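Structure first, then comments.
Just so you know, all these numbers are worked out from the coordinates, no wet-lab data involved. Just so we're clear, the structure is a prediction, and the values are computed from it rather than from any experiment. All Cβ positions, even for glycine, are placed from backbone atoms using ideal geometry, and neighbour counts span all protein chains on display.
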Amino acid sequence: MVNQLIPAAGLEPSIPKDLTPDQRFALWADLMDASEQILLAGLSKQIGPEGNLQEAYRKWYLNQREEHDRNIRHQAESLYRRGVRHGC
Amino acid sequence: MAAKMVLAALKHIWATLEPTSCSHALIGGLSFSFWKHVRTTQDVDLLIDSGSAGVEALLEVLKKAGIRTKRQPPIIDLKSLRIVQLLYEPKDAFMEIQIDLLLAESEFHREALARRVPAWISEMNFEFSTLSCEDLIIMKMNAGRIIDRADAAALLRLNRESLNLNYLLKWVKKLNLNSEWSEIWNESSPDEPLPGLTD
């Protein structure tokens with residue numbers, strides 16, 4: 001039973017199959033830059049015309065880092081439950 | 001800007017680590033692009049073997065290159081693995097990029113690092129190594145959040161023809177990832193029987 005973690009085959013975003021690694025990283029950079037523009041638009045709206053956008057972006061990134069740190073801890077705990085120990 | 005900052009941080013730490021004897025490989029979201037799964041990521045994660053010189057010597061090298069540790073003491077012991085979190089501010093950036101080093105000190109991490117594959121971005125004249133797709137899938141199945149399982153399923157679907165299923169299944173079994181494996185297989189190949197996991 002498919003529970004839609006990812007789009008069904010054939011319905012995923014259309015990234016050409018035969019892209020070179022270079023082209024894939026270029027696509028990643030485009031995606032990052034486009035996402036950043038949308039993020040900045042959202043942050044701008046949130047802080048208003050008098051707000052400091054660079055500071056808002058910095059705060060957003062700090063929150064992202066905290067989320068990332070929580071995820072690493074979660075991964076380590078999961079590995080521990082599966083019997084993995086460092087040094088073994 | 002975001003992409004430039006992340007790539008600048010990756011290039012800088014790679015250039016800093018190259019002269020050392022440490023084996024290292026890119027992991028995490030950035031490495032997925034090499035394996036045809038393109039998604040955003042804001043940091044750099046490496047799996048690394050600090051070699052005979054040890055982590056302290058490595059940190060000295062990094063410090064001289066302007067890469068500072070995020071925490072004190074710098075090595076965080078998470079029982080299943082030890083990590084070092086670093087911060088680096090690329091030139092012309094207005095903030096620091098986080099770089100996480102996962103120390104390859106368990107059987108799985110050591111084997112994953114030994115199986116790393118060469119990668120490159122020729123436009124930047126930049127060569128590096130990344131974990132194999134099988135090992136990234138295993139790490140994502142272990143991570144277990146919905147987004148991680150979706151990443152694992154996407155990597156599986158996009159690279160299935162070239163995957164070493166025997167290797168993948170060995171770690172599925174060893175790490176008891178059977179239900180995660182079943183889920184991502186059914187997501188990526190709903191019409192095909194689940195391979196392996198017998199006995």
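With unit charges on the beta carbon (Lys/Arg positive, Asp/Glu negative), name the residue among B:167, B:186, B:136 whose Cα is farthest towards the positive pole of the charge dipole of the stretch B:135-188.
Farthest along the dipole direction, towards plus: B:167.
Rounding to the nearest 20 debye, state how big the charge dipole of the stretch B:1-107 is about its Cα centre with +1 on each Lys and Arg Cβ and -1 on each Asp and Glu Cβ.
Values: 12 positive and 13 negative charges, 63 e Å.
My answer is approximately 300 debye.
When you look at the Cβ of every residue in A:60-69, what mean number of other chain Cβ atoms sits within 10 Å?
So the per-residue partner count for this stretch is 4.
Give the cross-link partners of residue B:70 among the aspartates and glutamates, using a straight C-alpha distance below 18 Å as the criterion and excluding same-chain residues fewer than 8 apart.
Within the straight-line cut-off, residue B:70 pairs with A:66, A:67, A:69, B:43, B:45, B:56, B:60, B:89, B:96, B:100.
Shape call for the protein assembly as shown from the C-alpha gyration tensor, a ≥ b ≥ c root eigenvalues: rounded (a/c under 1.5), prolate (a/b greater than b/c) or oblate?
Details: a/c = 1.60, a/b = 1.17, b/c = 1.37.
Since a/c reaches 1.5 but b/c is at least a/b, the shape of the protein assembly as shown is classed as oblate.
Please list, ordered by chain and number, the residues whose modelled amide H lies under 5 Å from the amide H of residue B:126; skip anything fewer than 5 residues away on the same chain.
B:121
In whole angstrom, note down how far apart the Cα centers of the stretch B:58-134 and the stretch A:19-34 are.
21 Å
Calculate the spin-label point distance for residue B:162 paired with residue A:54, positioning each point 7 Å from the Cα along the beta-carbon direction, and give it in nanometres.
In this crude label model, residue A:54 to residue B:162 measures out at 4.2 nm.
Using a/c under 1.5 as the rounded threshold, could you call the stretch B:1-150 rounded, prolate or oblate? The axes a ≥ b ≥ c are square roots of the C-alpha gyration tensor eigenvalues, and prolate needs a/b larger than b/c, oblate otherwise. Intermediate values should be presented prior to the final figure.
On the way: a/c = 1.36, a/b = 1.07, b/c = 1.27.
Rounded shape, in that the Cα axes give a/c under 1.5.
So which residue, out of B:171, B:35, B:181, gets the largest mean-square fluctuation from a GNM of chain B using Cα contacts under 10 Å as springs?
B:171
Taking neighbour Cβ counts within 10 Å as the exposure measure, how do B:46, B:163 sort from fewest upward? Walk me through the numbers before you get to the answer.
Numbers: B:46 29, B:163 16.
With the fewest neighbours first, B:46, B:163 line up as B:163, B:46.
Taking K and R as +1 and D and E as -1, what net charge do the other residues with C-beta under 12 Å from the C-beta of residue B:17 add up to? Walk me through the intermediate numbers first.
Details: positive: B:11; negative: B:18, B:49.
Summing Lys and Arg as +1 and Asp and Glu as -1 gives -1.
Only Cα pairs within less than 10 Å get springs; with that Gaussian network setup on chain A, which residue of A:44, A:35, A:78 has the largest fluctuation?
Maximum among the listed residues: A:78.
Distance cut-off 32 Å, Cα to Cα: go down the list B:36/B:170; B:64/B:173; B:11/B:173; A:59/B:140; B:91/B:170; B:4/B:140 and report the pairs above it.
Numbers: B:36/B:170 24 Å; B:64/B:173 43 Å; B:11/B:173 36 Å; A:59/B:140 27 Å; B:91/B:170 44 Å; B:4/B:140 25 Å.
Beyond 32 Å: B:64/B:173; B:11/B:173; B:91/B:170.
How large is the dipole of the protein assembly as shown about the Cα centre if only Lys and Arg carry +1 and Asp and Glu carry -1, each at its Cβ, rounded to the nearest 20 debye?
Numbers: 34 positive and 39 negative charges, 122 e Å.
That gives a dipole near 580 debye.
Per residue of B:78-87, count partner chain C-beta atoms within 10 Å of its C-beta, then hand back the mean as an integer. The partial results should precede the final answer.
Details: counts 9, 7, 13, 9, 3, 6, 0, 4, 0, 1.
Neighbouring Cβ atoms belonging to other protein chains average 5 per residue here.
What 222 nm value per residue comes from the helices of chain A, counting each DSSP H run with n ≥ 4 as -39,500 (n - 2.57) and dividing by all residues, nearest 500 deg cm²/dmol? Could you put the intermediate results ahead of the total?
Details: 2 runs with 56 residues, N = 88.
For chain A, the value works out to -23000 deg cm²/dmol.
R0 = 25 Å: FRET efficiency of residue B:117 with residue A:38, Cβ-based, nearest 0.05? Could the numbers behind the result be given before it?
Details: r = 33 Å, r/R0 = 1.32.
Calculated value: 0.15.
Need one word for the stretch A:32-88: rounded, prolate or oblate. Basis is the Cα gyration tensor (sqrt eigenvalues a ≥ b ≥ c); a/c below 1.5 gives rounded, then a/b vs b/c decides.
Values: a/c = 4.61, a/b = 3.40, b/c = 1.36.
Because a/c hits 1.5 or more and a/b exceeds b/c, the stretch A:32-88 counts as prolate.
Take chain B, connect every pair of alpha-carbon atoms lying under 10 Å apart with a spring to form a Gaussian network, then pick out the residue of B:82, B:145, B:68 with the largest mean-square fluctuation.
B:145
About its Cα centre, how strong a charge dipole does chain B have in debye, to the nearest 20, once Lys and Arg get +1 and Asp and Glu get -1 at the Cβ?
Details: 23 positive and 27 negative charges, 66 e Å.
Here chain B has a charge dipole of around 320 debye.
Determine the shielding of peptide B:129-140 by partner chains: average, over its residues, the number of Cβ atoms on other chains within 10 angstrom of each Cβ. Could the numbers behind the result be given before it?
Numbers: counts 0, 1, 0, 0, 0, 0, 0, 0, 0, 0, 2, 1.
Mean partner shielding for this stretch: 0.
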